[in-house]
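Quick notes on the structure that follows.
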Amino acid sequence: MAQLGSEQRPLAVAIVGSGPAGFYAAEALLKSELAVKVSLFERLPAPYGLVRSGVAPDHPKLKQAIKVYARIAESDDFHFLGNVTIGRDVLVEELQATHHAVVFACGAQTDRRLGIPGEDLPGSHTATEFVGWYNGHPDYRARRFDLSCETAVIIGQGNVAADVSRILAKSVDELRHTDIAQHALEVLAASKIRDIYVIGRRGPAQAKFTSKELKEFGELQDCAPVVDAEELALNPESEAELADKRSAGNKKVYELFVAYSKRAASGKARRCHFSFLKSPTALLGRERVARIVLEKNRLAGAAFSQAAHGSGESIELETGLVFRSIGYQGVPIAGVPFDAGRGVFPTVDGRITDEGAVIPGLYAAGWIKRGPTGIIGTNRADSRATIAALLQDLAALDGGADKGGTAAVCQLLQQRGVRYVGFPDWKRIDQSEIERGRPKAKPREKYTSTREMLAVLDA
């Protein structure tokens, strides 16, 4: 019998998730010295994951990675199957039966909870909901955000919190020629929000913004950044952190906060307040959010290991709109072990484990493997590492039987009446979105439902 990975017996690998981690895993496989057939599964008809539906519409350069993914998809040994949900349309066991290995690259799809009273009141939302809504993600198209209040609060000080704040802060003129969803643009045009509070539980030295993202707030058309100079006082441990060469990025962020604290009143219609050392303890209101209770914190611990501890002193802030942006976690898939505490699939070197024991043929890459850290490019090295482990396991993956790969799964889907979308189908949808955007001088006008995307293919 021919060796697995030869032209006579190609290595068949299923990848679940078509975001950066999934495409980089496919790239690593296709660039290996083996003959490989890749089946890439995506539950939506549209590929690219968070590059399409997570990157802010006013940051188009970050979406350039899509060009790389599209080139990967043109390989004859690559097969995209969109509109297919693994665990429902196709079981994990069926992927194992039709492929030599399965790589899960399905990301971290949900937000962590605050765990405070009132968190589920109307007016309290996750950052994921809002980001998906303004980016036209089908899961969030029907969400409703009441922007009729004057004050919005974002809990968290990472780049997603910056995106949410910036979209709320920008004028319609700054957004209308981006690929923002039309339904979101119309709601934002009627926004009454004047004050946006971006609140972190730790101090200004520990804020997780990049300096590039934070700098943008000083350049907005009709919103001014506001920082209370008294909140910029640092304890010795924070001073030590900023003095360390590893904290060059944090130091730039802190210097921007200092510069913003010295700005005179601008007269702009909106203000974005950056506030530190506060944690939410409750959302109050009868029928919807009316106030947020914040406990003032103090930092304790050694430099680079400081934790926020409540002081017992609280303040209240009137608000009708709260977003939590405190991190993401993955969701379980039937047939795969799940670490609920970390929100990931448990792994060792990319190999999925069950109570510490490696499960042959199951792998993970990206956020579902390591948690929601890093930028788009971080996933490339991560996926390569996982594929390197997979290729090391080649002998163990060869059970002696040939695998049907993509063709076998397509046969299952056809038998079950599941309509899958291939990459040529996606290119038709993609081109239609681009054409829809031209009259509005937008790069594209996205379809915001699966039904609309499939209708393009039926036209």
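Among residues belonging to region 304-317 that are touching a residue at least 24 places away in the same chain (Cβ under 8 Å) and more than 29 Å from the chain's Cα centre (by Cα), point out the one that is least open to solvent (accessible area, probe 1.4 Å).
G310
I'd like the residue in region 318-332 that is at pLDDT 95 or above and not aromatic (F, W, Y) and, out of all such residues, is farthest from the chain's Cα centre (by Cα).
E318
Going by the structure shown, is R263 assigned to a loop (DSSP other than H, G, I, E, B) and either within 22 Å of E219 (Cβ to Cβ) or open to solvent by less than 60 Å² (accessible area, probe 1.4 Å) (or both)?
Details: assigned to a loop (DSSP other than H, G, I, E, B): yes; either within 22 Å of E219 (Cβ to Cβ) or open to solvent by less than 60 Å² (accessible area, probe 1.4 Å) (or both): yes.
For R263, the condition - assigned to a loop (DSSP other than H, G, I, E, B) and either within 22 Å of E219 (Cβ to Cβ) or open to solvent by less than 60 Å² (accessible area, probe 1.4 Å) (or both) - is met.
Which residues, taken from region 393-442, are of a type in the set (K, R) and not in a helix (DSSP H, G or I)?
K403, R416, R419, K442
Checking the structure you have, find out if any residue of region 10-18 is of a type in the set (S, T, Y), crowded, with 22+ Cβ neighbours inside 10 Å and touching a strand residue (DSSP E or B) at 6+ places or on another chain (Cβ under 6 Å). Full working, then the answer.
Applying the first criterion (of a type in the set (S, T, Y)) to region 10-18 yields 18.
Narrowing further to those that are crowded, with 22+ Cβ neighbours inside 10 Å: 18.
Next, from what is left, pick out any that are touching a strand residue (DSSP E or B) at 6+ places or on another chain (Cβ under 6 Å): 18.
Yes: one or more hits.
Identify, from the list E231, E241, E216, E174, the residue that is touching a Lys or Arg at 6+ places or on another chain (Cβ under 7 Å), surrounded by 15 or more Cβ atoms within 10 Å (Cβ to Cβ) and acidic (D, E).
Details: E231 fails: touching a Lys or Arg at 6+ places or on another chain (Cβ under 7 Å); E241 fails: touching a Lys or Arg at 6+ places or on another chain (Cβ under 7 Å); E174 fails: touching a Lys or Arg at 6+ places or on another chain (Cβ under 7 Å).
The match here is E216.
When region 177-207 is examined, which residues are found to be farther than 26 Å from G136 by Cβ and either open to solvent by 10 Å² or more (accessible area, probe 1.4 Å) or in contact with a Phe, Trp or Tyr (Cβ under 6 Å, 6 or more places away or on another chain) (or both)?
Residues satisfying the conditions are R194, D195, Y197, G200, R201, R202, G203, P204, A205, Q206.
In region 361-416, which residue that is open to solvent by less than 50 Å² (accessible area, probe 1.4 Å) and among the hydroxyl-bearing types (S, T, Y) is nearest to the chain's Cα centre (by Cα)?
Top of the filtered list is S383.
Among the residues of region 417-439, what is the count of those that are under 21 Å from Q182 (Cβ atoms), surrounded by 15 or more Cβ atoms within 10 Å (Cβ to Cβ) and acidic (D, E)?
2
Filtering region 443-459 down to residues that are in a loop (DSSP other than H, G, I, E, B) and at pLDDT 95 or above, which residue is most open to solvent (accessible area, probe 1.4 Å)?
P443
Listed residues L81, L95; which is closer than 28 Å to P360 by Cβ, in a helix (DSSP H, G or I) and open to solvent by less than 20 Å² (accessible area, probe 1.4 Å)? First the steps, then the outcome.
Numbers: L81 fails: in a helix (DSSP H, G or I).
From the options L81, L95, the qualifying one is L95.
Scanning region 29-45 for residues that are of a type in the set (G, A, S) and surrounded by fewer than 24 Cβ atoms within 10 Å (Cβ to Cβ), which turns out nearest to the chain's Cα centre (by Cα)?
Out of the qualifying residues, it is S32.
Any idea which of (1) charged (D, E, K, R); (2) open to solvent by less than 20 Å² (accessible area, probe 1.4 Å); (3) assigned to a loop (DSSP other than H, G, I, E, B) is the one D76 doesn't satisfy?
Against the list (1) charged (D, E, K, R); (2) open to solvent by less than 20 Å² (accessible area, probe 1.4 Å); (3) assigned to a loop (DSSP other than H, G, I, E, B), D76 comes up short only on (2).
Please determine whether any residue of region 151-169 is in a loop (DSSP other than H, G, I, E, B) and open to solvent by 30 Å² or more (accessible area, probe 1.4 Å). Walk me through how you get there before you give the answer.
Applying the first criterion (in a loop (DSSP other than H, G, I, E, B)) to region 151-169 yields 156-158.
Filter once more, keeping what is open to solvent by 30 Å² or more (accessible area, probe 1.4 Å): none.
No, that holds for no residue.
Out of all the residues in region 98-117, which are open to solvent by less than 30 Å² (accessible area, probe 1.4 Å), closer than 30 Å to V55 by Cα, touching a Gly at 6+ places or on another chain (Cβ under 7 Å) and not in a strand (DSSP E or B)?
A105, C106, G107, A108, listed by residue number.
Cβ-Cβ below 6 Å, separation at least six or inter-chain, first residue in region 51-73 and over 16 Å from H137 (Cα atoms) and assigned to a helix (DSSP H, G or I), second of a type in the set (D, E) and open to solvent by less than 20 Å² (accessible area, probe 1.4 Å): which pairs?
Taking only residues 6 or more apart or on different chains, the pairs are I72/E27.
The values are calculated or read from the model by the stated rules, or taken from the named source; none is laboratory data. Everything numeric here is computed off the predicted structure, so don't read it as measured data. Note: ideal-geometry Cβ built from the backbone for every residue, glycine included; neighbour counts use all protein chains shown. All accessible areas refer to the heavy atoms of the entire protein, side chains included, with ligands and DNA or RNA removed. Shrake-Rupley method; radii C 1.70, N 1.55, O 1.52, S 1.80 Å.
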